[in-house]
Amino acid sequence: MSENAIDDEHVIDMVQVRNEVAAEVRARRAAGEYPPAFERELDALFARFAPAEVTENLADALERSEDAAGIDPEIPVASNNPAFGLVKRVMARLLGWYHQFVAQQVTGLGVAVNNVLRSLVEKVTDLESLTGDLERARLEVARIEPERDDELWRADVVDALAEVQGRVAVLEAGDGALLSAICERGVDAYGVDPRVDSVDAARRRGVDVRLDDVTGHLQAVAPGDLAGVVLRACVERLAAGELLQLLDLATRALRAGGRCIVVSATPQAWGSSRSRVEADLARGRPLHPETWVRLLEAQGYDGVDVRTLGDEGGLTPVAGDGPDAAVVNANLARISEALFGPAAFIVVATRPA
C-alpha cells in the first residue's frame with residue numbers, strides 16, 4: 001500500500017464529524033439529558049468569559065461589546081472573614097465616590113465608541129451587500145466569451161505597429177486572430193487573456209498568449225518594458241475608474257516613443273447583435289473616441305489619431321430626385337448618424353520620446 005493511500009485513510013472529514021456531534025446533541029436533548037435551563041446556563045457562562053471577538057458576526061460582536069461597555073460602580077464587599085468584610089465595607093465607603101466617578105467616565109467612553117462602531121457595522125454590511133452584487137455580476141460577465149470583429153481594425157492596428165521596435169502586448173487577445181496578424185508582419189508580440197478557452201484557441205493559432213488578468217499583468221510589467229500596448233475588448237466592459245487605472249498601468253509599461261492603441265466598439269453599436277448579453281451584465285460601457293483623446297493627451301501622449309470603422313447601417317433614403325426628397329433624405333442622414341453611426345473606432349497615440 002502506498003504512503004498516499006495510508007494518508008487518505010487517516011484524513012478526518014470535519015464536516016462529517018460536526019454532523020455526527022450535532023445529531024448526538026439533538027438525540028440527547030430529545031431524551032431530556034440536556035434540559036433548556038442547562039443550555040441557557042452554558043450560553044450565559046460562555047458570554048461571560050468568552051471575548052467578543054470569538055464570533056465572526058459583526059452584529060453579535062457589537063452586542064457583546066455594548067454589554068461589556070457598562071461598568072458596575074458598586075464595589076463587592078462580601079467575604080467569608082467578618083473582619084476582612086468590615087475592612088472591605090469601610091474601603092467601599094471611602095472610595096465609592098471615586099469608583100463611581102471613574103465608572104461613569106469609562107462607561108461614557110464605551111458607549112460613545114460603540115455608537116461609532118454600530119454606524120461602521122451598518123456601513124460595512126451595506127458595502128458587503130453592494131460589493132457582493134458587483135462581484136456576482138463580474139463573475140457572470142467573465143464567463144461570457146467576448147465576440148469582436150477584429151477584421152474592422154486589423155489593418156489599422158498592423159499598420160500602426162509596423163515600425164515599432166520592441167515587445168508589444170495585446171490585452172485582451174481573445175482567440176488570437178488580431179495577434180496572429182500582428183506577428184505575421186514581423187512584430188514581436190504576445191497576448192494576455194483571462195479566459196482558458198480563449199487562450200487555448202489562440203495557442204492553436206501558434207501565437208504566444210498568457211492566461212492572466214490584464215490589469216494584474218500590467219502591474220507585473222517593469223516600467224518602460226514594452227514598445228506597444230493594444231487594448232482590446234476589456235476597454236468596453238470595465239468601469240470608468242478601472243479604465244483609468246488600466247491606462248495608467250499601460251503608460252507606465254510603455255517606453256519613450258511607444259505606441260498605445262485602443263480598439264473599441266462605439267457606444268452606439270455597443271449592446272447590439274453579438275454584444276447584447278455582455279453589455280447588459282458589464283459594469284461599464286465603451287467610451288467615446290473624444291474621451292479617449294482627452295485621457296491620452298492628459299497622460300502626455302503625442303499625435304493622438306482617431307479613425308472610425310465600419311457602419312451600423314441607417315435609415316433607407318426615399319426614392320426620387322425632387323427637392324422634397326433631397327430634404328427628407330438629408331434629415332434621414334442626420335437621424336441615421338445620431339442613432340447608428342460607425343460600428344467601431346481605433347485610437348493610436350505615441351508616448352513622447
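The values are calculated or read from the model by the stated rules, or taken from the named source; none is laboratory data. It should be emphasised that the depicted structure is a prediction, and the values quoted were computed from it without experimental measurement. Quick reminder, even Gly has a Cβ in these numbers, built from the backbone with ideal geometry, and neighbours come from all protein chains shown.
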Quiz item: Among ASP175, ASP149, ASP156, which is in contact (Cβ under 8 Å) with a residue 12 or more places away in the chain and closer than 27 Å to ALA353 by Cα?
Solution: ASP156
Quiz prompt | Output for the range 277-305, where each listed residue is closer than 17 Å to CYS260 by Cβ and touching a Phe, Trp or Tyr at 6+ places or on another chain (Cβ under 6 Å) | solution = PRO286, PRO289
Quiz item: Across the range 1-28, which residue is surrounded by the fewest Cβ atoms within 10 Å (Cβ to Cβ) among those that are at pLDDT 60 or above and in a loop (DSSP other than H, G, I, E, B)?
Solution: ILE12
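Take GLY85 and tell me if it is part of a helix (DSSP H, G or I) and free of Cβ contacts under 8 Å to residues at least 12 places away in the same chain. Write out each step before concluding.
Working: part of a helix (DSSP H, G or I): yes; free of Cβ contacts under 8 Å to residues at least 12 places away in the same chain: yes.
Judged against the criteria, GLY85 is a match.
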Quiz prompt | Residue satisfying condition, being farther than 19 Å from ALA265 by Cβ and assigned by TED's automatic domain parsing to the domain that holds ARG232, within set ALA173, ALA160, ALA169, ALA177 | solution = ALA169
Quiz item: Is at least one residue of the range 216-229 more than 26 Å from the chain's Cα centre (by Cα) and part of a loop (DSSP other than H, G, I, E, B)?
Solution: yes
Self-check item: the range 248-257: number of residues that are in contact with a strand residue (DSSP E or B) (Cβ under 8 Å, 6 or more places away or on another chain) and of a type in the set (A, V, I, L, M, F, W, C)
Solution: 3
Practice problem: Residue by residue through the range 173-204, note down the ones that are surrounded by 23 or more Cβ atoms within 10 Å (Cβ to Cβ) and among the charged types (D, E, K, R). | Solution: ASP175, ASP193
